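S.K.: There's a structure below that I have some questions on.
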Amino acid sequence: MSKDWPLWEVFVRSKGGLSHRHVGSVHAPDGEIAIRHARDTYTRRMEGVSLWVVPSASIIASDPADDGPMFEPAEDKIYRHPTFYDIPDGITHI
Amino acid sequence: MDQALFQYVLRLGDDGLILGQRLSEWTGHAPSVEVDLSLANMALDLIGQATHFLHYAGQIEGQGRDGDALAFRRDVMDFGNCVLVEQPNGDFAQTMARQFLFSTWQKMLLERLIGSKDELIASVAAKSVKEVTYHQELSEEWVVRLGDGTAESHRRMAAGLDWMWRFIPELFEMDSVGEEMLARGIGADPASFRADYDRKLLAVLDQATLEAPKDQRPILGGRRGHHSEHLGHLLCAMQFLPRTYPDAKW
């Protein structure tokens with residue numbers, strides 16, 4: 001049966017204030033059942049407070065063949081990392 | 001011993017235990033891995049509720065039996081679950097028909113038991129009603145989807161409801177145990193939500209493009225230990241290990 005059902009990508013917000021994170025995917029006949037399946041598959045151990053599901057077919061992905069032009073130009077631009085600042089003592093979570 | 005309270009709590013526990021065992025039979029066999037998890041989650045919720053009620057029943061009885069002893073060392077005539085929950089799984093539509101009829105009733109019952117004068121019943125009801133609300137919604141959604149799906153799913157959903165329909169009247173039956181619990185402010189009167197229950201069923205069936213099955217001869221008696229042939233077979237599988245290896249440990 002599941003091969004007849006479309007695939008949905010699942011995003012879980014683990015607690016208020018954090019963003020939803022991709023955790024995996026489920027098969028389901030429609031969005032409402034996909035939310036149920038996501039709840040039963042990915043939040044049964046208190047992993048989340050909010051769920052999104054998105055039809056996998058709606059995701060537009062970058063082409064692995066374009067990895068060179070897409071991602072390599074960033075490799076030698078170390079000045080884009082904010083590592084040239086002195087962080088004062090007592091500042092945490094950076 | 002408080003005989004009426006013992007029987008009442010035992011019935012609440014047996015409903016959850018037997019339906020939980022039935023649902024767990026799907027594990028590894030469901031139509032998809034997601035549905036497998038849904039059914040196993042529901043089974044665990046129900047067995048968790050049964051654990052609370054059966055342990056409490058053992059305390060009320062005061063003969064040294066705990067929840068495990070009540071679950072695994074009673075014979076079929078001593079079970080007080082309704083006949084609906086012991087019905088075979090059949091196909092997925094039949095399982096969802098059983099779940100929808102039971103969870104809709106159980107949710108309405110638990111909502112009332114939250115106000116029970118018995119502290120343990122009230123607190124287990126308050127915790128369980130959230131789980132059961134989910135069971136009710138999920139089974140309702142499947143009834144609608146299968147009923148209003150393909151010609152085959154419609155036929156199967158109608159057949160599943162037709163199988164389960166004759167067990168509804170028992171859910172609303174009252175006897176001396178129920179009357180006493182009601183009078184003492186411990187139990188709930190199922191008659192108080194019968195109209196809501198019927199309305200809910202008809203609304204969902206309408207959405208599912210299904211007709212209510214014709215009224216059939218009701219099957220009653222589970223609360224008094226008169227069960228269908230199916231319960232004995234279920235208990236064989238459920239009780240085999242603890243009866244063969246008493247007090248076995250992991």
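S.K.: Of the numbered conditions (1) more than 22 Å from B:Asp198 (Cβ to Cβ); (2) crowded, with 16+ Cβ neighbours inside 10 Å, B:Arg155 satisfies every one except a single condition; which is it?
M.R.: (2)
S.K.: Continuing with the same structure: Could you please let me know if B:Gly58 is part of a helix (DSSP H, G or I), within 14 Å of chain A (Cβ to nearest Cβ) and within 24 Å of B:Glu119 (Cβ to Cβ)? Write out each step before concluding.
M.R.: Values: part of a helix (DSSP H, G or I): yes; within 14 Å of chain A (Cβ to nearest Cβ): no; within 24 Å of B:Glu119 (Cβ to Cβ): yes.
No, not satisfied.
S.K.: On to the next question. Just one of the numbered conditions (1) under 29 Å from B:Phe92 (Cα atoms); (2) loosely packed, with under 12 Cβ neighbours inside 10 Å is not true of A:Ser58; which one?
M.R.: Failed condition: (1).
S.K.: List, please: which pairs have Cβ atoms under 8 Å, are six or more places apart or on different chains, and start with a residue in the stretch B:138-157 that is farther than 21 Å from A:Arg36 by Cα and assigned to a helix (DSSP H, G or I) and end with one that is modelled with pLDDT of 95 or more and of a type in the set (D, E, K, R)?
M.R.: As it stands, the answer is B:His154/B:Asp148; B:Arg156/B:Asp91, since those pairs meet every condition given.
S.K.: Right, here's the next one. Given the criteria assigned to a helix (DSSP H, G or I) and farther than 13 Å from B:Met238 by Cβ, does B:Gln49 qualify? Talk me through it step by step, then tell me what you get.
M.R.: Working: assigned to a helix (DSSP H, G or I): yes; farther than 13 Å from B:Met238 by Cβ: yes.
Considered against the rule, which asks whether it is assigned to a helix (DSSP H, G or I) and farther than 13 Å from B:Met238 by Cβ, B:Gln49 comes out as yes.
One line per residue, one yes/no per condition, for (1) modelled with pLDDT under 90; (2) surrounded by fewer than 14 Cβ atoms within 10 Å (Cβ to Cβ); (3) within 12 Å of chain B (Cβ to nearest Cβ):
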{"site": "A:Gly24", "(1), (2), (3)": "no, yes, yes"}
{"site": "A:Ile33", "(1), (2), (3)": "no, no, yes"}
{"site": "A:Ala38", "(1), (2), (3)": "no, no, yes"}
{"site": "A:Ser50", "(1), (2), (3)": "no, yes, no"}
{"site": "A:Ser62", "(1), (2), (3)": "no, yes, no"}
{"site": "A:Glu72", "(1), (2), (3)": "yes, yes, no"}
{"site": "A:Phe84", "(1), (2), (3)": "yes, yes, no"}
{"site": "A:Ile87", "(1), (2), (3)": "yes, yes, no"}
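S.K.: Taking helices (runs of 4 or more DSSP H) that fall entirely within the stretch B:167-212, which contain at least 1 residues that are loosely packed, with under 13 Cβ neighbours inside 10 Å?
M.R.: Values: elements: B:168-171, B:176-183, B:194-207.
Hits in the stretch B:167-212: B:176-183, B:194-207.
S.K.: Just wondering, is there one or more residues in the stretch B:228-248 that are of a type in the set (Lys, Arg), out of contact with any Gly (no Cβ under 8 Å at 6 or more places or on another chain) and exposed (fewer than 11 other Cβ atoms within 10 Å of the Cβ)? Even if it seems obvious, please write down each step before you answer.
M.R.: So in the stretch B:228-248, the residues of a type in the set (Lys, Arg) come out as B:243.
Add one more test, that the residue is out of contact with any Gly (no Cβ under 8 Å at 6 or more places or on another chain), and what stays is B:243.
Those still in the list that are exposed (fewer than 11 other Cβ atoms within 10 Å of the Cβ) too: none.
The answer is no, given that none of the residues of the stretch B:228-248 is of a type in the set (Lys, Arg), out of contact with any Gly (no Cβ under 8 Å at 6 or more places or on another chain) and exposed (fewer than 11 other Cβ atoms within 10 Å of the Cβ).
S.K.: Can you find a residue in the stretch A:8-18 that is of a type in the set (Ser, Thr, Tyr), more than 14 Å from chain B (Cβ to nearest Cβ), in contact (Cβ under 8 Å) with a residue 12 or more places away in the chain and in a loop (DSSP other than H, G, I, E, B)? Can you show your working first?
M.R.: Keep residues of the stretch A:8-18 that are of a type in the set (Ser, Thr, Tyr), which gives A:14.
Cutting the leftovers down to more than 14 Å from chain B (Cβ to nearest Cβ) gives us A:14.
From the residues that got through so far, the ones that are in contact (Cβ under 8 Å) with a residue 12 or more places away in the chain too are A:14.
If we keep only those that are in a loop (DSSP other than H, G, I, E, B) as well, we get A:14.
Among the residues of the stretch A:8-18, at least one is of a type in the set (Ser, Thr, Tyr), more than 14 Å from chain B (Cβ to nearest Cβ), in contact (Cβ under 8 Å) with a residue 12 or more places away in the chain and in a loop (DSSP other than H, G, I, E, B), which makes the answer yes.
S.K.: Looking only at residues in the stretch B:17-45 that are more than 14 Å from every other protein chain (Cβ to nearest Cβ), touching a residue at least 60 places away in the same chain (Cβ under 8 Å) and part of a helix (DSSP H, G or I), which one is surrounded by the fewest Cβ atoms within 10 Å (Cβ to Cβ)? Steps first, please.
M.R.: Filtering the stretch B:17-45 for residues more than 14 Å from every other protein chain (Cβ to nearest Cβ) gives B:17-22, B:24-25, B:28.
From what is left, the residues that are touching a residue at least 60 places away in the same chain (Cβ under 8 Å) are B:17-19, B:21-22, B:25.
After this cut, where a residue has to be part of a helix (DSSP H, G or I) as well, the list is B:17-19, B:21-22.
Numbers: B:Leu17: 27, B:Ile18: 30, B:Leu19: 28, B:Gln21: 21, B:Arg22: 23.
Per the criteria, the residue is B:Gln21.
S.K.: Specify the residue that is nearest to B:Asp148 (Cα to Cα); the eligible residues are those in the stretch A:19-53 that are among the small types (Gly, Ala, Ser) and assigned to a helix (DSSP H, G or I). First the steps, then the outcome.
M.R.: Within the stretch A:19-53, the subset among the small types (Gly, Ala, Ser) is A:19, A:24-25, A:28, A:31, A:34, A:38, A:48, A:50.
Imposing the further condition that a residue be assigned to a helix (DSSP H, G or I) reduces the set to A:31, A:34, A:38.
Working: A:Gly31: 16, A:Ala34: 18, A:Ala38: 23 Å.
If we take residues in the stretch A:19-53 being among the small types (Gly, Ala, Ser) and assigned to a helix (DSSP H, G or I), then A:Gly31 is nearest to B:Asp148 (Cα to Cα).
S.K.: Another question, then. Could you grab the pairs with beta carbons closer than 9 Å, sequence gap of 6+ or different chains, first residue in the stretch B:197-213 and on the phi > 0 side of the Ramachandran plot, second one modelled with pLDDT of 95 or more and acidic (Asp, Glu)?
M.R.: Partner pairs satisfying both residue conditions: B:Thr209/B:Asp148.
The values are calculated or read from the model by the stated rules, or taken from the named source; none is laboratory data. Predicted, not measured: the structure shown is a model, and the values here were computed from it. Cβ: placed from backbone, ideal geometry, glycine included. Neighbour counts: every protein chain shown.
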